[in-house]
Amino acid sequence: MTDEKIILVTGASRGIGRAIALRLARPGAVLLLNHYDPEPAAAEQTLEEVQARGANGKILYFNVAEFQETQARVEEILKEFGRVDVLVNNAGITRDTLLMRMKEADWDLVLQVNLKGVFNCTQAILRSMIKNRSGKIVNITSVVGAIGNAGQANYAASKAGVIGFTKSVAKEAAGRGINVNAVAPGFIDTEMTAVLSEAVRQEFLKSIPLGRSGRPEEVAELVAFLVSEASEYITGQVIHINGGLYM
Ligand code: NAP
């Protein structure tokens with residue numbers, strides 16, 4: 001079995017996931033970069049940058065929302081690498097609209113990707129972590145999962161679900177040397193927030209005491225701490241990173 005550190009980041013082609021992958025990329029690490037857009041350019045760019053940092057990398061094209069597809073891809077990974085040391089459940093989507101206008105399909109899709117996706121990936125990988133009696137899992141939730149947001153009932157419900165999931169799995173896995181935590185970003189500049197109107201953006205900025213949006217690299221720094229040996233005594237926590245938007 002390889003003595004490299006095997007790290008799987010879901011939704012690693014862009015935004016926060018890419019920043020996390022790059023922050024964790026170093027010689028001796030293997031970055032498994034999941035994404036789901038059939039257009040591979042963004043994922044390939046992440047892979048190139050991961051390799052430029054001296055890490056090994058591999059693109060894993062699969063839909064985290066699909067149970068069997070996820071199981072199959074994870075089985076292949078486990079055959080090839082023997083284990084996964086670090087899992088960052090980052091893939092996520094929005095389908096924003098007021099509840100009274102929300103289509104059933106918008107509810108289902110957001111819950112399937114953001115919440116069931118975390119279940120699918122975690123369950124597929126946890127067995128191998130339990131066998132190794134070590135592992136670090138970080139789930140990317142959102143400030144919205146803690147405080148709610150008009151127009152995001154589906155997204156907020158999915159992210160609140162991730163918080164409950166994180167705490168439950170932390171309790172189940174703690175005895176096996178596995179740490180499970182959640183990171184809850186506030187308003188971070190990525191393609192996800194780029195679609196918001198300038199008016200909504202200004203409204204958000206007014207409610208952030210530090211007076212600015214966050215950068216994906218700032219979230220990645222926190223994730224790097226949570227998957228490092230320096231955080232061995234932290235589990236089941238939701239760490240907020242939001243410029244003071246929620247205290
Ligand atoms: P983003 O720029 O839109 O990137 C989303 C990533 O998820 C992409 O790599 C995308 O890959 C991947 N993805 C989407 N659906 C997928 C699926 N079904 N299976 C596998 N991968 C999938 O978003 P972001 O802003 O970086 O957000 C990353 C995470 O942080 C999300 O969980 C989001 O909810 C959370 N978050 C973001 C903010 C913010 O302000 N940006 C705040 C709080 C929390 P493809 O393009 O290849 O599909």
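The values are calculated or read from the model by the stated rules, or taken from the named source; none is laboratory data. Everything numeric in this text was worked out from a predicted model, so none of it was measured. Don't worry about glycine lacking a Cβ; one is built from the backbone with ideal geometry, like all the others, and counts go over all protein chains shown. For accessibility, only protein heavy atoms count, side chains too; no ligands or nucleic acids. Shrake-Rupley method; radii C 1.70, N 1.55, O 1.52, S 1.80 Å.
Work out, step by step, the length gained on full extension between residue 68 and residue 103: first 0.36 nm times the residue separation, then minus their alpha carbon distance; give nm to one decimal.
On the way: separation 35, 0.36 × 35 = 12.60 nm, distance 2.58 nm.
Stretched fully, the residue 68-residue 103 segment lengthens by 10.0 nm.
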Give the peptides 2-10, 67-75 in descending order of average Cβ contacts within 10 Å, highest first. 2-10, 67-75
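What number comes out for accessible area per residue over the range 141-194 if the probe is 1.4 Å? Units Å², please.
Numbers: 1890 Å² over 54 residues.
In whole numbers, the range 141-194 has 35 Å² accessible per residue.
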For residue 59, what residues show an amide H to amide H distance below 5 Å, using hydrogens built from the backbone and excluding near sequence neighbours? 33
Using a ≥ b ≥ c from the Cα gyration tensor of the range 77-151 (square roots of the eigenvalues), is it rounded, prolate or oblate, where a/c under 1.5 gives rounded and otherwise the larger of a/b and b/c decides, a/b for prolate? prolate
Length-normalised contact order of the range 1-153, Cα under 8 Å, at least 6 apart, in percent, tallies to 25 percent
Extension gain from residue 237 to residue 212, taking 0.36 nm per residue of separation minus the Cα-Cα distance: 6.5 nm
Select from 25, 12, 118 the residue farthest towards the positive end of the dipole of the chain; place +1 on Cβ of Lys and Arg, -1 on Cβ of Asp and Glu, and compute about the Cα centre. 118
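For Cα pairs less than 8 Å apart in space and 6+ apart in sequence, what is the mean separation divided by the residue count of the range 136-216, i.e. the relative contact order in percent?
Working: 86 pairs, mean separation 25.8, N = 81.
With pairs under 8 Å counted, the relative contact order is 32 percent.
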Between the range 134-197 and the range 220-247, the Cα center-to-center distance that results, in Å: 11 Å
Does the range 1-82 classify as rounded, prolate or oblate by the C-alpha gyration tensor (a ≥ b ≥ c root eigenvalues; a/c under 1.5 gives rounded; else a/b over b/c gives prolate, otherwise oblate)? oblate
Under a 5 Å amide H to amide H cut-off, with H placed in plane at 1.01 Å, what residues pair with residue 214 once short-range neighbours are removed? 187, 188, 189
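Considering every pair of different Cα atoms, what Kirkwood radius, in Å, is found for the range 141-215? Mind dumping the intermediate values first?
On the way: mean 1/r = 0.0718 Å⁻¹.
Value: 13.9 Å, from the Cα pair sum.
Apply the a/c threshold of 1.5 to the C-alpha gyration tensor of the range 89-224 and tell me whether it is rounded, prolate or oblate.
Values: a/c = 2.55, a/b = 1.55, b/c = 1.65.
In terms of gyration-tensor shape, oblate.
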